[in-house]
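Take a look at the structure below.
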Amino acid sequence: MLEKALTGSRRYGSWMAILLALFGMGIYFYLRQLEYGLGLTGMSRDVSWGLYTAQFTFIDGIAASAVMLILPYYLHDYKAFGRITVLGMFLAIAAVVMCMTFVFVNLGQPARVLYVMFYPSLTSVLFWDMVVLSVYLVLNIVTGWTILSSDKNGVPPPVWVKPLIYLSIPWAIIIQTMAAFIYSGLPGRSFWLTAIMAPRFLATAFASGPALLILLCFVLRRFGGFDAGRDAIQAMAKIVTYAFLTSIFFVLVELWTVFYSQVPDDMEHYRFLFVGLEGYNTIAHGMTVAVIAAAAALVLLINPRTRKKDSFLAVACVLVFLSLWFEKGLGLLVTGFVPSPLGHITRYTPTGPEVAIAIGVWAMGFLIITVLYKIFLSVREAAELD
Amino acid sequence: MAPTRREFLIIAGLSAIGAACPPLGRIIAKETTSSRDSLLGAPGSVPALKAKRWAMVVDTRKCWDDCTDCITACHNAHNVPAIGNPKHEVKWIWTERFENVFPAESHTRIHEVVRKQPIPVLCNHCDNPPCVRVCPTGATFRRTDGIVMMDSHRCIGCKICLAACPFGARSINFVNPRPFIRKLNLDFPTRSKGVIEKCNFCEERLARGIRPACVMACPEKALVFGDVDNPRSKVRQILDSNFSIRRRAELGTKPQVYYIL
């Protein structure tokens with residue numbers, strides 16, 4: 001089936017060319033980082049993770065969100081999702097590959113990455129995260145590819161694929177929980193040291209992932225001649241709405257606990273997140289924009305008249321995506337490091353090369369999505385002609 | 001390609017010479033070490049210092065304001081680079097103010113002497129180290145005598161230990177540190193870019209029967225090092241007769257650097 005990605009319209013060709021160019025730019029700057037060291041980025045002794053890790057956390061959620069299509073279809077026989085479960089699996093494949101790449105480019109000694117497998121440390125969440133992500137990647141490649149192949153040949157999927165699909169449902173929860181555990185198990189970082197981290201991660205995952213999927217469905221309808229169906233899109237819109245509301249509720253619960261208990265160390269981080277500390281308020285500005293975007297998205301999503309209109313729904317999904325990209329990305333990450341355990345405030349600003357590398361990884365992700373979705377469309381087209 | 005008979009004989013001959021005079025390399029290396037480091041002596045000449053549980057007591061009352069002797073001694077002994085950029089700084093031992101070291105104990109009425117006192121901070125060699133727990137490759141590990149060690153060759157530079165350490169005791173080499181080493185000590189390895197490093201309680205000196213560099217460099221004997229499990233050790237005597245506190249003890253990492261203020 002892979003050959004179907006090699007042919008396509010002019011527009012498909014130029015889109016791929018743009019993505020390849022951006023990916024190439026990322027590789028160029030990554031080679032520079034490899035030579036010079038992580039000093040090329042804006043990371044520092046105090047803020048020792050940055051843009052890369054922020055993308056990892058956010059995209060890990062996108063990967064997990066495939067479960068929001070698989071679960072209703074396979075466990076509750078919700079037929080409307082039947083046409084698009086493969087799209088969810090393919091999105092998960094691209095997202096997991098992006099996650100792994102973002103972890104990789106964040107390493108000081110990338111040539112040693114396989115030491116994680118050669119010298120496994122069973123107490124390390126990072127080790128387990130690598131394990132569960134690898135398994136999740138294999139699960140989605142195998143199930144997605146097998147279902148599409150069966151579609152192509154006009155036969156029902158083989159029986160052995162069902163158990164793998166069922167396994168991928170709890171597995172999606174596991175990968176997000178594991179990502180949250182990287183943060184929530186560190187004794188000295190009070191901002192992350194909260195049991196609600198994993199639930200928050202899941203809620204934001206199930207809002208941001210389906211929001212992206214709705215947008216991708218709109219793109220496929222416009223440019224790919226594939227209609228996911230109104231029922232499917234509206235069902236996803238409801239999932240986004242509830243998940244987004246839940247995630248905001250979780251943040252409010254957190255805020256109440258912190259500011260009612262008035263433990264200074266905890267409050268300090270939230271002050272930094274929302275208003276800034278000692279004049280360092282870039283993150284707070286970003287957060288303000290994220291909050292406004294979230295409020296606007298909520299209005300559009302809760303109101304059934306706007307939610308049911310594709311144009312408003314698209315805007316709402318963009319807002320949800322951007323707002324969570326910041327909140328779960330740089331907002332969550334940098335605030336954990338500021339103030340430092342010694343009470344110092346260190347600024348973090350991603351450098352040009354760092355941004356270029358991050359864009360390169362995103363371009364790689366979109367390349368994978370484009371290729372996989374192109375194959376999906378070609379198979380569907382051929383099946384419908386028969 | 002297989003070597004010719006002639007090449008084989010040359011290689012074999014050179015190998016035989018090399019095998020016959022192993023001390024040659026040691027002599028050359030020894031001659032190039034600085035006079036300060038020759039104090040260390042050859043490994044094995046003095047019995048190694050051993051303990052059930054190494055610990056340090058810092059009596060900050062004895063610290064002067066501008067004194068950096070412990071820092072200089074440590075950083076010279078361990079080839080710690082002097083990187084000007086504070087964001088990329090590598091440090092094993094340095095000084096901070098009371099409010100930064102003991103945020104929970106700090107208040108506005110704290111005695112001025114204590115407030116202005118420089119307090120040396122370093123790795124606490126915790127009994128329950130979170131850095132060891134989170135490390136995905138075992139590059140950082142705890143010895144049975146309590147020293148938390150770094151294996152620079154195992155470290156992949158993922159930086160999770162920097163996030164896990166509640167004391168900010170760890171540094172990563174954001175750039176190649178070698179050009180920034182002021183005076184190279186050939187008795188201790190340098191590090192490459194991309195790996196984490198921190199205080200090692202001078203385990204390389206203990207192996208040669210010598211106390212840590214910072215302890216020996218302190219003109220006021222403000223730093224005391226020894227076996228906290230041995231009731232007759234100096235650290236134990238000081239701890240038995242003074243009130244001491246540890247940094248962020250409430251986190252349960254069980255730090256083994258004790259402070260007397």
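Observations, loosely collected:
- Computed about the Cα centre, the dipole magnitude for the protein assembly as shown is approximately 560 debye when only Lys and Arg (+1) and Asp and Glu (-1) carry charge, each at its Cβ.
- Net charge over other residues, Cβ less than 10 angstrom from the Cβ of B:Gly157 (K, R count +1; D, E count -1): +3
- The GluC sites (Glu not before Pro) of region A:219-326 meeting both criteria, a DSSP state outside H, G, I, E and B (loop) and at most 11 other C-beta atoms within 10 angstrom of the site's C-beta, are A:Glu278.
- Footprinting exposure proxy ranking of A:Thr123, A:Thr204, A:Thr246, B:Thr137, fewest other C-beta atoms within 10 angstrom first, gives A:Thr123, A:Thr246, B:Thr137, A:Thr204.
- Projecting the Cα positions of A:Phe274, A:Ala203, A:Val379 onto the charge dipole of chain A (unit charges on Cβ atoms of Lys, Arg, Asp and Glu, taken about the Cα centre) puts A:Val379 furthest along the positive direction.
- Taking amide H positions as modeled 1.01 Å from N, with prolines and chain starts lacking one, the residues under 5 Å from B:Val121 and 5 or more places away or on another chain are B:Trp94, B:Thr95, B:Glu96.
- Packing-based exposure ordering (other Cβ within 10 Å, fewest first) of A:Glu354, B:Glu204, B:Glu250: B:Glu250, B:Glu204, A:Glu354
- Helical segments meeting 27 Å axial Cα length and Kyte-Doolittle -1.0 threshold in chain A (DSSP H): A:10-36, A:85-105, A:125-153, A:161-184, A:197-223, A:230-261, A:282-302, A:352-385
- DSSP beta bridge pairing in the protein assembly as shown, given as percent antiparallel to the nearest 5: 80 percent
- Computed magnitude of the charge dipole of region B:54-260 (debye, nearest 20; Cβ of K, R +1, Cβ of D, E -1): 360 debye
- Computed E for B:Glu112/B:Asp229 - FRET, C-beta separation, R0 35 angstrom, nearest 0.05: 0.40
- Placing unit charges on the Cβ atoms of the charged side chains and taking the dipole of chain A about its Cα centre, the candidate lying farthest along the positive direction among A:Cys217, A:Leu330, A:Ile174 is A:Cys217.
- Dipole magnitude for region A:13-149: about 140 debye, using +1 per Lys or Arg Cβ and -1 per Asp or Glu Cβ, origin at the Cα centre.
- Residues whose placed amide H lies under 5 Å from that of B:Met149, excluding near-sequence neighbours: B:Phe141, B:Arg142, B:Arg143
- Here the Gaussian network model covers chain A, with springs between Cα atoms less than 10 Å apart; of A:Pro110, A:Pro158, A:Pro341, A:Pro158 fluctuates the most.
- Cut-off under 5 Å, modelled amide H: who pairs with B:Arg208 long-range: B:Leu49
- Orientation-averaged projected area, Cα convex hull of region B:54-260 (nm²): 11.7 nm²
- Residue among A:Met100, A:Gly42, A:Val161 farthest towards the positive dipole end of chain A, charges placed on Cβ: A:Val161
- Sorted ascending by nearby beta carbons within 10 Å, beginning with the fewest, A:His76, B:His125 become A:His76, B:His125.
- Cα-based reach from A:Lys79 at 25 Å (exclusive), listing lysines while leaving out same-chain residues under 8 positions away: A:Lys152, A:Lys162, A:Lys238, A:Lys308, A:Lys309, A:Lys374
Any read-out appearing in this document is the output of simple, stated calculations on the displayed coordinates, not a laboratory observation. Because the structure is a prediction, the values reported are computed rather than measured. We place every Cβ from the backbone using ideal geometry, glycine too, and count neighbours over all the protein chains shown.
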